[in-house]
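The values are calculated or read from the model by the stated rules, or taken from the named source; none is laboratory data. This one's a predicted model, so the numbers in the text were calculated from it and none came from an experiment. Note that we place each Cβ from the backbone using ideal geometry, even for glycine, and neighbour counts take in every protein chain shown.
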Amino acid sequence: METRLLEQFVTVAAEGSVTRAAERLWAAQSTVSAGIASLERSFGVRLFERTGRQLVLTTAGEDLLPHARAVLDSLDRMHDLAAASDAELRGRVRLGIFTSMDIVDLTGVLRPFRQRHPLVAVELMTSPSGTTGLVQDLVAGRLDLAYCGLPSVPAGIVVEPLREMRFRVFVAADHPLARSGRTSVSLTELADESFIDTAHGFGNRIILDQALERLGIRRRIVAEMNDMPAVIRFAAAGLGVGVVPDSGVPHDGVVLELEDPVEPLRVGLAMRTAPEPNRAVRALAQDIVAARQ
């Protein structure tokens, strides 16, 4: 049995779609479909059932999936042992990243990494539900590493700290708070404002929502963005108030200190404690941590 068929099986199970699996594997959709059909003939069972537009594992597929992953993990270990030098290190690292990477210097890490490890393929993936989705993908084995901004993570996940950012208040230059000359404001004073924020699932949104709940404040959100710099840009344009961690991204608005004791956003690199990551994953993780700000 060819290992590429097992990889196709595992990827389709992770994505729930032949189309998305083919995109991840850089393969034709027909190739992935044929691979799944070949596996089903070999095992004599159906691996997937179609539910609407989603492919879901059959009982047999659920039973076989962990064994397929174990085979692929074992092959990764064999490649690790066979690599005599860093230049011969090979494999694949699936890294979960934020929608906007302005807050970490990933490109500054990946360029030298690829020069040292030309045989390692690094796949970058995002999640529409922010850090929450990335950590869920990490737990499920769909990612090897993930940037994380959650205040807490599930058991079996460890986070290496990279950067800490304080929450600040961003408003347009003509906002009454900006014209007042004030340098700070409380969440209570902002309760009646229209807010711009990131979507549910983002670490900064979880932290701020918890702080507002403690104060008994229910706010009105007029726009939800998929990255923090966009929140700041929209706030600077006068479309609402943004209360997000200050990443240092340039903007045209005014920034005020937040008077409330809100926990900062702690950005880190998350990975599973088991199974043990292969050498390629460990190498990239070491480079990301070494470049922390």
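Odds and ends about this structure:
- Options GLY141, GLY133, GLY156: the member that is assigned by TED's automatic domain parsing to the domain that holds LEU106 and surrounded by fewer than 17 Cβ atoms within 10 Å (Cβ to Cβ): GLY156
- Matching residues, the range 276-293, being part of a loop (DSSP other than H, G, I, E, B) and touching a His at 6+ places or on another chain (Cβ under 8 Å): ASN278
- Applying the criterion of being in a loop (DSSP other than H, G, I, E, B) and within 20 Å of the chain's Cα centre (by Cα) to the residues of the range 250-275, the residue that is nearest to ALA173 (Cα to Cα) is PRO264.
- Residues in the range 22-52 that are crowded, with 16+ Cβ neighbours inside 10 Å and touching a strand residue (DSSP E or B) at 6+ places or on another chain (Cβ under 9 Å) were compared, and the one that is modelled with the lowest pLDDT is ARG24.
- The set of residues from the range 213-236 being free of Cβ contacts under 8 Å to residues at least 24 places away in the same chain and either of a type outside the set (D, E, K, R) or touching a strand residue (DSSP E or B) at 6+ places or on another chain (Cβ under 6 Å) (or both) comprises just one member, GLY216.
- Residue identified as over 30 Å from GLU276 (Cβ atoms) and touching a residue at least 12 places away in the same chain (Cβ under 8 Å) among LEU110, LEU177: LEU177
- Selected residue (only one of THR58, THR99 is hydroxyl-bearing (Ser, Thr, Tyr), in contact (Cβ under 8 Å) with a residue 12 or more places away in the chain, surrounded by 12 or more Cβ atoms within 10 Å (Cβ to Cβ) and touching a Phe, Trp or Tyr at 6+ places or on another chain (Cβ under 8 Å)): THR58
- Members of the range 180-212 that are in contact with a strand residue (DSSP E or B) (Cβ under 8 Å, 6 or more places away or on another chain), touching a residue at least 60 places away in the same chain (Cβ under 8 Å) and part of a helix (DSSP H, G or I): GLY203, ASN204, ARG205
- Any hit, the range 258-273, residues being buried (at least 18 other Cβ atoms within 10 Å of the Cβ), more than 21 Å from THR132 (Cα to Cα) and touching a Phe, Trp or Tyr at 6+ places or on another chain (Cβ under 8 Å): yes
- Unmet criterion (only one of (1) at positive phi; (2) under 21 Å from the mean Cα position of the chain (by Cα)) for GLY240: (2)
- Subset of the range 186-241 [under 21 Å from GLU263 (Cβ atoms) and of a type in the set (Lys, Arg)]: ARG205, ARG214, ARG218, ARG219
- Residue within the range 83-90 that is surrounded by fewer than 18 Cβ atoms within 10 Å (Cβ to Cβ) and either modelled with pLDDT of 90 or more or over 25 Å from TRP26 (Cβ atoms) (or both) present: yes
- ARG163 being charged (D, E, K, R) and more than 24 Å from PRO250 (Cα to Cα): no
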